[in-house]
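Everything below concerns the one structure shown next.
The values are calculated or read from the model by the stated rules, or taken from the named source; none is laboratory data. Keep in mind that what you see is a predicted model, and the values were worked out from it rather than measured. Note: ideal-geometry Cβ built from the backbone for every residue, glycine included; neighbour counts use all protein chains shown. Protein only, heavy atoms only, side chains kept; ligands, DNA and RNA dropped before computing areas. Shrake-Rupley method; radii C 1.70, N 1.55, O 1.52, S 1.80 Å.
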Amino acid sequence: MTKIPLPTIGEILQEEFMIPLGISPVTLSKKTTISLEQIDHILHNKLVINADISQQIGQVFHVSDNYFLKLQKDINERK
C-alpha cells in the first residue's frame, strides 16, 4: 500500500490561507515583523514555525496564536 505524503507547513500556509485570501509573501511580511526571507523559508520548509511566528501569522489569518505551532508539531510527530 502506498502512503500518501503529509502536507508540509509551507504547503498548508500557502494553499489553505495565503492563496484563498490573496495574501502574498510580501503582504504577509508587511503585516508582521517576519522578514520576507523567513516567510520564503517557511513556505519552502527550510524554517520551522516557532511560537512568535505562529502568533503573528495567526493574527493575520484570525486563528489562535498557537494554531500554526500545533500544526507544525503534528506534522513533525507524523514524520
Problem set entry | Projected-area mean, the chain, by convex hull of Cα positions, square nanometres | 5.3 nm²
Exercise. With charges only on Cβ, +1 for K and R and -1 for D and E, what is the dipole size of segment 1-40 about its Cα centre, in debye, rounded to 20?
Worked result: 80 debye
Exercise. When only the heavy atoms of the protein chains count and the probe is 1.4 Å, how do 2, 27 rank by accessible area, highest first?
Worked result: 2, 27
Exercise. How large is the helix-only mean residue ellipticity at 222 nm for the chain, computed as the sum of -39500 (n - 2.57) over DSSP H runs with n ≥ 4, divided by its residue count, in deg cm²/dmol to the nearest 500?
Worked result: -14500 deg cm²/dmol
Problem set entry | Contact order normalised by residue count of the chain, Cα under 8 Å, 6+ apart, percent | 30 percent
For this session: Could you estimate the translational diffusion coefficient of segment 7-50 from the Stokes-Einstein equation, with Rh from the Kirkwood formula over C-alpha pairs, at 4 °C and 1.567 mPa s, in whole µm²/s?
Result: 125 µm²/s
For this session: Calculate how steeply helix 67-78 sits against the longest principal axis of the alpha-carbon atoms of the chain, using the helix alpha-carbon long axis, and give the answer as 0 to 90 degrees to the nearest 10.
Result: 20 degrees
Problem set entry | Candidates 23, 42, 53, ranked by Gaussian network fluctuation over the chain, Cα under 10 Å, top entry | 23
For this session: Please work out how much accessible surface residue 41 shows to a 1.4 Å probe, ignoring ligands, DNA and RNA, in Å² rounded to 10.
Result: 60 Å²
Exercise. Can you give the angle from 0 to 90° between the axis of helix 51-61 and the longest principal axis of the chain, with both taken from C-alpha atoms, to the nearest 10?
Worked result: 70 degrees
